[in-house]
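The values are calculated or read from the model by the stated rules, or taken from the named source; none is laboratory data. Just so it is clear, the model here is predicted, and its values are computed rather than measured. Positions of Cβ are generated from backbone atoms using ideal geometry, with glycine treated the same way; all protein chains shown enter the neighbour counts.
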Amino acid sequence: MKALNILFFCLCLPIFGSAVSDRVDNRNFAVDTYYPTANEIRLAEQRGQRYWQNNSQRFPNSTRYLAVYTTSVLQADIIQDLYPKLISSETTASFFGRGENDARMNFSCIMIYDTVTNHFVSNVGYVSVDLPPRGSLARWDGYMARYIGWGD
């Protein structure tokens, strides 16, 4: 009987582990705007399109926007202009947890992909410090988007 329970658990684990999360994080993950290069935008848009082609059937009609990881943003490039915004952000715990002298931290540029038009909503990305769990819904400024990271 015990072996049967273990077998059942092992078979069900992949099914429950791949379930789509409908968890919503209403905190604003956008700390500031960022302008990725044309090549970074093109590659990220391709990843968003490929992800949506492969996964659109998994989601109900509630998913219009996808948050796509576009590129890393070096802390040294933006920290002087960004520090006042980091202080008032709801999602920068990892930045302040590392200490002031840790210059190794990279930020993330997230762009919002519109599943209706099959393109990004603009050529502007959002700087994010912390990111929500992959597959969850979160907010970047005025967009509630499903965070897909790099996609599939």
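Observations
- Only a single item in (1) within 14 Å of the chain's Cα centre (by Cα); (2) modelled with pLDDT under 90; (3) part of a helix (DSSP H, G or I) is not met by R47, and it is number (2).
- Applying the condition of being under 14 Å from S136 (Cβ atoms) and assigned to a loop (DSSP other than H, G, I, E, B) to the stretch 56-72 and asking which residue is modelled with the lowest pLDDT yields S62.
- Test: residue in the stretch 20-36 that is under 23 Å from W150 (Cβ atoms) and at pLDDT 90 or above: yes
Table: residues versus (1) hydrophobic (A, V, I, L, M, F, W, C); (2) part of a loop (DSSP other than H, G, I, E, B); (3) surrounded by fewer than 18 Cβ atoms within 10 Å (Cβ to Cβ).
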site	(1), (2), (3)
C109	yes, no, no
Y113	no, no, no
S122	no, yes, yes
Y126	no, no, no
R139	no, no, no
G151	no, yes, no
